[in-house]
Every structure is written in C-alpha cells, then in structure tokens.
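The structure appears right after this line, and notes come after that.
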Amino acid sequence: MKRSKQRVLGAALIALMGAVSGGAQAAPCLEVVLTGVQGGPPVFMGQAGAGTLVRYGSEENNCSDVLLQFDAGRGTTQQLSKIGVPAGKITAVFFSHIHSDHSEGLPALMQLRWHFNSAGPKVDMVCSDDVTTPKGYTMSCRGFGENIGAALIASGEMAQRLAENPKRLPGGPSELLNIMTFEASPEAQVVWSKGDVTVTAVQSRHVAGHASYRVDSPAGSVVIGGDAGNDKPAPPRDSSTSAQVEALAQGADIVVHSVIHPVMGPDGTSGFPPPIYHRQSTATDLGAMSMRAGVANLMLTHHIPPLGAARQGPYPIEGGGLTADDYVSAVRDSGYEGNVVIGPDLSKLRLVAE
Ligand SMILES: [Zn+2]
C-alpha cells in the first residue's frame with residue numbers, strides 16, 4: 001500500500017465513518033491512546049500506570065485490526081475497558097522495561113484473559129533478553145512473564161478454578177503468553193510484525209534491558225520512548241534525551257515519551273534524587289529532540305510529577321502542583337512548535353491515510 005499524506009485528528013473531532021458503499025475501502029488508521037500517564041511508583045488521583053495503546057485498522061472498524069499495548073502499568077485493564085477494548089482483544093504487549101510501574105497491569109490483564117479466553121489466541125509479549133548487570137542482578141522480562149500467575153497458583157485459586165472449568169489452561173495466565181525476547185541493540189531492528197504493521201526496537205538507557213519502540217503502518221508511525229534517557233548518565237551532556245530514540249524518531253508522526261519536569265531537578269528544592277532525575281528525559285529536551293527529528297506531535301506521559309500533585313512520592317513540588325501549561329511551556333522553551341499532548345489518561349491522536 002502506498003504511503004500517503006496523513007491527517008492528524010484529535011479525539012473530539014473524530015466522527016466514525018459509516019459503512020462504505022460501492023466496494024470502496026475505508027481509510028487505514030493508526031490511533032495512539034495514552035492508557036496511563038502516572039509517572040513512577042506513586043499513585044495519584046486514579047491515574048493509571050504507564051501504558052500506550054497503538055491500534056491499527058480501518059476507519060470502518062475503529063482502527064481495530066491490531067491492538068498493541070506498550071507497557072501496562074497499574075489500572076491498564078480498567079482504562080482499556082473505558083474505550084471498549086477487552087483484554088481478550090489485545091494482540092501483543094511490549095515492555096520498555098520491567099519496573100513495576102510499567103508492568104504490574106499485566107497480571108490483571110492476563111488473569112482476566114485466562115478466565116474468559118483460555119482457548120486463545122495467545123498474546124505476544126515482546127521485550128528484551130535477560131541482562132545481568134555489573135552488580136550481579138539480572139533484569140528478566142521473561143522471568144516476569146513466566147511467573148505472573150505464581151501467587152494465584154500458590155494460593156490454590158488456580159486449582160479451584162480449573163476444577164470448575166477444566167477447559168482453562170492448566171499453567172495459568174503465563175501459559176497464554178507467547179514470550180518473544182530480543183537482544184537489544186543501539187541499531188534499530190524489527191522485533192514484531194503483522195500484516196501492514198511493523199515494530200522496530202532500539203536499546204536505550206534507563207535500567208538494564210530498557211528498549212524503545214517504533215510502530216510503522218500505512219497510516220503513519222509512532223515512537224514509544226518509554227523511560228529512555230541519555231546514555232551519558234549525568235551532565236555535562238548535550239541532552240537528557242536518548243540519541244537512539246532520536247534516530248528512531250526521524251520522520252515519525254508521533255513521539256510518546258515519559259517526561260520529567262525541570263522542577264524536579266537538582267537546582268530545585270524537591271530533594272528528588274539526582275540520579276533518578278538524570279535517567280529521565282526533560283520536557284524541554286523532548287521538545288528539542290522532536291524538533292530535530294521533524295516530529296509534528298509530542299505526547300507526554302509518565303509525568304513526574306503528575307499534574308496537580310503537591311508531591312512526587314515523598315518529594316514536595318515547589319510552589320504546589322504543576323499545570324498542563326507548566327509542562328507545555330517547558331517544552332516550548334526548546335523552540336518546538338508542534339502539537340503537544342499532555343494527558344490525561346485516554347488522550348489520543350489518530351492518523352488517517354488519505
Ligand atoms: Zn517508569
């Protein structure tokens with residue numbers, strides 16, 4: 001299919017097309033939904049943990065041929081239910097890394113799927129290979145996926161539910177996952193594809209095994225940076241953003257990225273630990289990166305701090321809670337003039353091939 005010019009439409013402007021008569025094909029569409037914008041382990045005002053749904057299909061079927069979930073923080077299943085996406089319909093789940101704020105929604109999603117959809121299909125779970133760090137611990141996405149049902153098996157619940165319905169998979173929710181790991185590399189590599197949709201990945205720095213992704217489709221493309229930061233862990237450096245993510249984002253239509261506001265920086269009064277500040281990308285640097293990469297739409301997620309929060313965990317926000325304008329103006333400090341989406345949960349952008 002020929003790649004054509006796209007329209008980008010805000011959610012409120014979308015009117016679903018009716019049935020197309022005369023055999024004409026409905027336009028391909030790619031929709032990007034922020035399923036959770038909470039940054040880090042805290043919980044605030046019901047925001048879901050980090051996650052992005054990328055859906056591709058035609059306008060006729062509400063972009064629903066392929067449903068890809070990138071990270072699945074706390075509350076992902078609830079947020080998906082608000083937009084009519086059942087757990088049983090997710091095609092694949094990708095993880096930037098397996099910190100709990102990005103992954104703890106997976107057991108809930110997969111247990112629900114095991115309960116009602118044990119007959120399949122399985123869900124592809126895509127993430128990087130195990131990485132053993134210089135300190136001797138191993139980050140294992142596979143280990144996480146293989147053990148999401150362990151507590152429920154240990155409690156006896158799984159045996160009880162199998163006794164009442166033996167058609168369920170005996171191994172629990174992990175058995176419904178098709179775990180596909182890749183060796184993360186700074187060079188982009190294709191890690192998953194289905195039909196017209198291709199997902200590439202790069203290694204990026206945050207914690208061991210962190211990866212960032214790009215989805216390409218006939219309707220457009222989106223980069224999901226995750227919690228990527230610069231390979232150089234602290235200033236002096238050119239930017240807090242990742243050079244690999246910037247290369248991946250060249251010419252993309254949308255960048256979705258975790259963000260930290262400069263108010264949390266070592267020059268402020270929050271007391272937020274500098275190493276944790278420096279392993280995230282700042283709003284201003286994300287604007288500059290998007291400008292250099294020629295990206296028209298920047299969607300900020302995983303807000304540190306959340307909008308309106310007086311604290312990020314134990315760390316107080318100088319002057320009280322930030323507004324969306326505080327984030328946008330930090331982005332504009334870079335000179336970026338593109339579209340900035342700052343949440344809340346379920347904010348979305350749709351690309352439509354013309
Ligand atoms: Zn995180």
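Quick check: anything in region 259-271 in contact with a helix residue (DSSP H, G or I) (Cβ under 8 Å, 6 or more places away or on another chain), at pLDDT 95 or above, hydroxyl-bearing (Ser, Thr, Tyr) and farther than 22 Å from Lys348 by Cβ?
Yes, the conditions are met somewhere in region 259-271.
Do we have any residue at all in region 118-141 that's among the aliphatic types (A, V, I, L, M), more than 16 Å from the ligand (Cβ to nearest atom) and farther than 23 Å from Pro86 by Cα?
Going through region 118-141, the residues among the aliphatic types (A, V, I, L, M) turn out to be 119, 123, 125-126, 131, 139.
Now restrict to residues that are more than 16 Å from the ligand (Cβ to nearest atom): 119, 123, 125-126, 131.
Now narrow it down to the ones that are farther than 23 Å from Pro86 by Cα: 131.
Looking for residues that are among the aliphatic types (A, V, I, L, M), more than 16 Å from the ligand (Cβ to nearest atom) and farther than 23 Å from Pro86 by Cα, one finds at least one in region 118-141, hence yes.
What is the residue count in region 297-333 for residues that are buried (at least 20 other Cβ atoms within 10 Å of the Cβ) and in a loop (DSSP other than H, G, I, E, B)?
Of the residues in region 297-333, 4 are buried (at least 20 other Cβ atoms within 10 Å of the Cβ) and in a loop (DSSP other than H, G, I, E, B).
Against the condition under 30 Å from Ala150 (Cα atoms), of a type in the set (S, T, N, Q), at pLDDT 95 or above and in contact with a Gly (Cβ under 7 Å, 6 or more places away or on another chain), how does Thr52 come out, does it pass? First the steps, then the outcome.
Numbers: under 30 Å from Ala150 (Cα atoms): yes; of a type in the set (S, T, N, Q): yes; at pLDDT 95 or above: yes; in contact with a Gly (Cβ under 7 Å, 6 or more places away or on another chain): no.
No, not satisfied.
Please go through region 55-92 and pick out each residue that is in a strand (DSSP E or B), free of Cβ contacts under 8 Å to residues at least 60 places away in the same chain and either over 21 Å from Ala211 (Cα atoms) or within 16 Å of the ligand (Cβ to nearest atom) (or both).
Kept after step one, since they are in a strand (DSSP E or B), are these residues of region 55-92: 55-58, 66-72, 92.
Now restrict to residues that are free of Cβ contacts under 8 Å to residues at least 60 places away in the same chain: 55, 57-58, 67, 69, 72.
Across region 55-92, the qualifying residues are Gly57, Ser58, Gln69, Ala72.
What is the one condition in (1) free of Cβ contacts under 8 Å to residues at least 60 places away in the same chain; (2) among the small types (Gly, Ala, Ser); (3) crowded, with 16+ Cβ neighbours inside 10 Å that Ala234 does not satisfy?
Exception for Ala234: condition (3).
Residues to consider are Ser281, Ser290; find the one that is buried (at least 24 other Cβ atoms within 10 Å of the Cβ), away from the ligand (no atom under 16 Å from the Cβ), modelled with pLDDT of 95 or more and not aliphatic (A, V, I, L, M).
On the way: Ser281 fails: away from the ligand (no atom under 16 Å from the Cβ).
Ser290 is the lone residue from the list that is buried (at least 24 other Cβ atoms within 10 Å of the Cβ), away from the ligand (no atom under 16 Å from the Cβ), modelled with pLDDT of 95 or more and not aliphatic (A, V, I, L, M).
What number goes with the only condition from (1) in a loop (DSSP other than H, G, I, E, B); (2) more than 16 Å from the ligand (Cβ to nearest atom); (3) charged (D, E, K, R) that Asp227 does not pass?
Answer for Asp227: the failing condition is (2).
Yes or no, residue by residue, for (1) closer than 16 Å to Val37 by Cβ; (2) of a type in the set (A, V, I, L, M):
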position	(1), (2)
Ser258	yes, no
His261	yes, no
Ile276	no, yes
Asp285	no, no
Ala293	no, yes
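Answer yes or no as to whether Arg161 is in contact with a Lys or Arg (Cβ under 9 Å, 6 or more places away or on another chain) and not in a helix (DSSP H, G or I). It would help to see each step written out before you state the result.
Working: in contact with a Lys or Arg (Cβ under 9 Å, 6 or more places away or on another chain): yes; not in a helix (DSSP H, G or I): no.
So Arg161 fails the test.
Restricting to region 244-271, name every residue that is over 16 Å from Gly287 (Cα atoms) and within 16 Å of the ligand (Cβ to nearest atom).
Within region 244-271, Met264 is the sole residue that qualifies.
Glu104 is checked against (1) away from the ligand (no atom under 14 Å from the Cβ); (2) within 22 Å of Pro344 (Cα to Cα); (3) surrounded by fewer than 24 Cβ atoms within 10 Å (Cβ to Cβ); (4) touching a residue at least 12 places away in the same chain (Cβ under 8 Å) and fails just one. What number does that condition carry?
Among (1) away from the ligand (no atom under 14 Å from the Cβ); (2) within 22 Å of Pro344 (Cα to Cα); (3) surrounded by fewer than 24 Cβ atoms within 10 Å (Cβ to Cβ); (4) touching a residue at least 12 places away in the same chain (Cβ under 8 Å), Glu104 violates only (1).
Pull up region 334-349, narrow it to residues that are crowded, with 18+ Cβ neighbours inside 10 Å and part of a strand (DSSP E or B), then point me to the one that is farthest from the chain's Cα centre (by Cα).
Val340
If you scan region 193-224, which residues turn out to be within 15 Å of the ligand (Cβ to nearest atom), part of a strand (DSSP E or B) and of a type in the set (Val, Ile, Thr)?
Ile224, the sole residue that qualifies.
The values are calculated or read from the model by the stated rules, or taken from the named source; none is laboratory data. Treat the numbers as computed from the prediction; the structure is a model and nothing was measured. Counting neighbours? That spans all protein chains shown, and the Cβs are built from the backbone with ideal geometry, glycine included.
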